[in-house]
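The next block holds one structure in the form of structure tokens; read it before the comments.
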There are 2 protein chains.
Amino acid sequence: MATKTSTNGTHHSLPEYIPNRIPDPHYVRILDTTLRDGEQAPGAAMTSDQKLQIARQLAKLGVDVIEGGFPSASQEDFNAVKMIAQEVGNNCDADGYVPVIAALCRCNERDITRAWEALKYAKRPRLMPFIAVSPIHMEYKLNKTKEEVLQIATDMIKFARGLGCTDIQFCSEDAARSDREFLYQILEEVIKAGATTLGIGDTVGITMPFEIRELVAGIKANVPGAENVIISIHCHNDLGHATANTIEAARAGAMQLEVTINGIGERAGNASLEEVVMALKCRGDHVLGGLYTGINTRHLLKTSKMVEEFSGMYLQPHKAVVGDNAFLHESGVHQAGLLKHRGTYEILSPEDIGHEKSNGVNMVLGKLSGRQALKSRLKELGYELRDEEVESVFRNFKAIAEKKKRVTDVDLKALVSDQASHAEPIWKLGGLQVTCGTMGSSTATIKLVTSDGSTHVACSVGVGPVDSAYKAINLIVKETVKVLEYSPSTVTGGTDAIATTRVVIRRENKQSPTPALNGNVIYPTFSGTGEGVDIVTSSVEAYITALNKMLDSKE
Amino acid sequence: MATKTSTNGTHHSLPEYIPNRIPDPHYVRILDTTLRDGEQAPGAAMTSDQKLQIARQLAKLGVDVIEGGFPSASQEDFNAVKMIAQEVGNNCDADGYVPVIAALCRCNERDITRAWEALKYAKRPRLMPFIAVSPIHMEYKLNKTKEEVLQIATDMIKFARGLGCTDIQFCSEDAARSDREFLYQILEEVIKAGATTLGIGDTVGITMPFEIRELVAGIKANVPGAENVIISIHCHNDLGHATANTIEAARAGAMQLEVTINGIGERAGNASLEEVVMALKCRGDHVLGGLYTGINTRHLLKTSKMVEEFSGMYLQPHKAVVGDNAFLHESGVHQAGLLKHRGTYEILSPEDIGHEKSNGVNMVLGKLSGRQALKSRLKELGYELRDEEVESVFRNFKAIAEKKKRVTDVDLKALVSDQASHAEPIWKLGGLQVTCGTMGSSTATIKLVTSDGSTHVACSVGVGPVDSAYKAINLIVKETVKVLEYSPSTVTGGTDAIATTRVVIRRENKQSPTPALNGNVIYPTFSGTGEGVDIVTSSVEAYITALNKMLDSKE
């Protein structure tokens, strides 16, 4: 038995992996289907390489079962599952943990054989044959009778067994809308045929928690042999109930939960791993009968960001647990309470999901924030400044806070870098001419003047006027610069009003990062602002200001 | 009694409004707190005018109670509540419906008086004094004993009554973590003091559905007088349970549900109106004991978009009910099922929440889609094209699908406009060339094409590239236009990323303003957005879109 820190923060032994039973009655398995059902989200297609990277991250997270894909869907899906099975499915950690690698397949010999070809390299391969069991699906989609569906299911479980697979999850699609007597019957038969896990799908996300409870309890009570297999629940979020339904199923005895990172998936998505896991972590010992998972929650944030980036499914700021605002407090009443006791408004700690160590509370810095709040945040970011330095940063902070609703950490880091540089500008704008429009690309000619008076001219094309101008500047300055943020301001009152443009940059490569107090590294970032009626010229001025600060900061 | 189409699609009589009871035991009130708790989301601050617009929309939606703000928080909040009370709070529709206008206040005389000053103009004003009732909040935040809190609460309910307010909701903050005996006691006393609604808060979003059930049932069973008032539930989403908890509370007898549009709010937000309402609509008659609301769900999508825009809290594509993907199907298995019977994978109909009428199923058009899928979607959008026209659109569609993961209806409409000259826009951009820089002024040459194919060219100088381009357009269009707002978006990740520009305009002079009910005048405004890597071109496209809307609106 391996040991791991459980979601509840206490050390549990990780129970031995046996397909059809869990030695510890409180341990709940997590099956992650980000790579299969998550990827079915419109527009979320990922490459094989991205899937492999996510699978590695899921293993770090301690996911029990990684559903890697649907090998019959395409050659690329097949390759992804095979790569994951070969690498991640064989990578035992020091505690003996290695994830089960699973793959979906329809109930036909071709699909099952194909899935097995991809999976068989894993140390713990699991086949997941599925078939719909609701009247509407059987009649309209499958055009088959109950008896036919029952026969196909049992035949195919036996076929999968015959391939040598001993870990088989039978997935009953649309089980939530099934006729219960038929559901009990087909589940009984697939257990007899050799299934070790029963997947129960609320495929259309229609179920309420008390119904899920009845569904799972009904299976336990009415399916002979159910006590010898694992019941798994698979919930969709069409009515906003996926997380609650998943937790309720666990309470009722479903010891495997099927979830996706960030809750991505077809339509409104699946139950979200981070919400389910954090609900169990936060309430498991108190009101959920001691249920716990093996997930190392400190990897949640990183995993979430990776999936967000690869899938292109961007999260709303108020996404529970992993959204940008999940731990932010803005109202005065809340901030006042938090400063007295974090527990007044905080039930989870940001560090638990992998946010940088924070000693204080996560309050939004805005125009009402004072020096102490600023200083405290700067310290958390790793800056130890003298009082007069704080004062200088504070003045600039107030100026920015007047214009932006929310001053971010990126802004703060730039402010600190800004106040450290005092030198004369190295480059000044001598002249600019830009042509742009619907011809497709834009051309900029730029003249920069150095402090000794020499002039340099360059031109570049780019995808727009700002892009071409920045590229022309880079040709002169000969630096590789990454633009982290480009913020033209909103102007009320017309296009001839003064607009402020702000840009935040950092050096690409080269620069050795500064180690911060908390052990993380800080890449110095630099900001510049430009003001004027011409948005292109003000963007260029902002960039040159930021560049001068960056060049000045050479260590 | 007024009649309305309920969420279940059947005509119910809208029950008469009586603060402390609902004549129909199945009717659930919806209190929307988008303008108060929603606005507390970091970065979501809105202007008074935006709040008024949202309040008007909430009234169209049929929200029972609009919580307009927290008048003591700021002068602007006070003004917003007062404006809403004066206009929306007096605007009875033909059925006699007018929303209750409510405002939050702390339990002190100054706050309550201030809230009443703002509210009293409404036909149905409601005061919402709140105080925390959990041990951790009373000890650390309030630094008060139970006895003190009890005394303050009852005194302040009496004080509110004394001002002449007969509709009072006592809000018990952090009730979910309260000592139950104390909670029952304080609720009993505030009922005696004159409270007509009991607000029960799960302020930190920690509760599981079965706990919410026990909480509400406990109050009903243990608070003398509870049968004579309305129990209201207020859930937060920190563990992803807000929607399920809200529905479960309704099942247990909480006949008012506190929600926000899009679920926005502090941290992970509040229970989301559209999820709660659609769950009741979809399951109310079947498994939720016939519960129904008065919400006209066909306004949901529009309301959601308005709040998204004004608050800047953008939704993830898989947001339930109102997310871009909520009704989209991508996987082959699902599309095959849907084409046979919509019910296989669709439990809500997109039209129910205000999507354009669709005869087919909502499948994602992407690079794998064929001519038939495109043709079918175009037909749904109202375009009847000849085969060669479809072919031309199809070629452009493929080109876009290579660049974008997903081709939207907006894209399709634009594609049709591109090739079919009989489409809506009056003016189209034929070409643009802009020169700008440090010479001082900028020059733009623009070519516009009318719907009959004639082209018009003009040039103008201006103070910047956008100003000169807009002036050149005005020379052709011959309209005097006021640009109210010009908003280029912030781009994270560089100057070659896609940026969206938005512009809001109105006619200068000429146009006779529409008199509003409150005697103020409304100038129609029109917005347009443009997207692209070139900020100048996208600004011009945004302007032309807005102009076309303006010209099209001529009475």
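Summary table below
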| read-out | value |
| --- | --- |
| Count of residues meeting criterion [over 20 Å from B:TYR121 (Cβ atoms) and either outside any loop (DSSP other than H, G, I, E, B) or out of contact with any Phe, Trp or Tyr (no Cβ under 9 Å at 6 or more places or on another chain) (or both)] in the stretch B:40-49 | 4 |
| First in the stretch B:535-555 and more than 12 Å from B:TYR470 (Cα to Cα), second anywhere and among the aromatic types (Phe, Trp, Tyr) and modelled with pLDDT of 85 or more, Cβ under 9 Å, 6 or more apart | B:ASN548/B:TRP427; B:LEU551/B:TRP427 |
| Within the stretch A:327-342, tally of residues that are of a type outside the set (D, E, K, R), in contact (Cβ under 8 Å) with a residue 12 or more places away in the chain and at the interface with chain B (Cβ under 7 Å from one of its Cβ atoms) | 3 |
| Criterion: in contact with a Gly (Cβ under 8 Å, 6 or more places away or on another chain) and more than 10 Å from every other protein chain (Cβ to nearest Cβ) - qualifying residue of B:ALA242, B:ALA217, B:ALA195 | B:ALA217 |
| Any chance B:ALA279 is facing chain A (nearest Cβ under 10 Å), under 19 Å from B:GLU39 (Cα atoms), in contact (Cβ under 8 Å) with a residue 12 or more places away in the chain and surrounded by 23 or more Cβ atoms within 10 Å (Cβ to Cβ) | no |
| Residue tally, condition crowded, with 22+ Cβ neighbours inside 10 Å and either closer than 13 Å to A:ILE101 by Cα or among the acidic types (Asp, Glu) (or both), over the stretch A:39-50 | 1 |
| Members of the stretch B:477-495 that are facing chain A (nearest Cβ under 7 Å), part of a loop (DSSP other than H, G, I, E, B) and either at pLDDT 70 or above or within 24 Å of the chain's Cα centre (by Cα) (or both) | B:THR490 |
| Residue match in the stretch B:252-271 (condition: within 12 Å of chain A (Cβ to nearest Cβ), without any contact (Cβ under 8 Å) to a residue 24 or more places away in the chain and either open to solvent by 20 Å² or more (accessible area, probe 1.4 Å) or under 28 Å from A:TYR314 (Cα atoms) (or both)) | no |
| Failed criterion for A:GLN86 (all others in (1) within 22 Å of A:THR293 (Cα to Cα); (2) without any contact (Cβ under 8 Å) to a residue 40 or more places away in the chain hold) | (1) |
| Top-ranked residue of the stretch A:290-332 - restricted to ones that are of a type in the set (Phe, Trp, Tyr) and outside any loop (DSSP other than H, G, I, E, B), ranked as most open to solvent (accessible area, probe 1.4 Å) | A:PHE310 |
| Residue under evaluation B:VAL307, criteria (1) away from chain A (no Cβ under 11 Å); (2) out of contact with any Ser or Thr (no Cβ under 8 Å at 6 or more places or on another chain), criterion not met | (2) |
| Residue check, B:LYS192 open to solvent by 10 Å² or more (accessible area, probe 1.4 Å), assigned to a loop (DSSP other than H, G, I, E, B) and at pLDDT 95 or above | no |
| Residues that are touching a residue at least 60 places away in the same chain (Cβ under 8 Å) and closer than 19 Å to A:ALA193 by Cβ, drawn from the stretch A:110-131 | A:ARG126, A:MET128, A:PHE130 |
| Test: residue in the stretch A:177-188 that is within 14 Å of chain B (Cβ to nearest Cβ) and within 21 Å of A:THR243 (Cβ to Cβ) | yes |
| Every residue from the stretch B:140-178 that is surrounded by fewer than 24 Cβ atoms within 10 Å (Cβ to Cβ) and among the hydroxyl-bearing types (Ser, Thr, Tyr) | B:TYR140, B:THR145, B:THR154, B:THR166 |
| Matching residues in the stretch A:444-472 - criterion: being open to solvent by 60 Å² or more (accessible area, probe 1.4 Å), within 11 Å of chain B (Cβ to nearest Cβ) and within 17 Å of B:VAL533 (Cα to Cα) | A:LYS471 |
| Hey, A:GLY62 under 12 Å from A:ARG36 (Cα atoms) and open to solvent by less than 10 Å² (accessible area, probe 1.4 Å) or not | no |
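The rows are residues; the columns are (1) modelled with pLDDT of 95 or more; (2) among the charged types (D, E, K, R); (3) more than 16 Å from B:MET306 (Cβ to Cβ).
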{"site": "B:ARG29", "(1), (2), (3)": "yes, yes, yes"}
{"site": "B:LEU35", "(1), (2), (3)": "yes, no, no"}
{"site": "B:ALA45", "(1), (2), (3)": "no, no, no"}
{"site": "B:SER48", "(1), (2), (3)": "no, no, no"}
{"site": "B:ALA59", "(1), (2), (3)": "yes, no, no"}
{"site": "B:ASP64", "(1), (2), (3)": "yes, yes, yes"}
{"site": "B:ALA73", "(1), (2), (3)": "no, no, yes"}
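The values are calculated or read from the model by the stated rules, or taken from the named source; none is laboratory data. These numbers come from a predicted model, not from an experiment. Cβ atoms come from the backbone with ideal geometry, glycine included; neighbour counts cover every protein chain shown. Side chains are part of the model used for accessible areas, which takes the heavy atoms of the whole protein and leaves out ligands, DNA and RNA. Shrake-Rupley method; radii C 1.70, N 1.55, O 1.52, S 1.80 Å.
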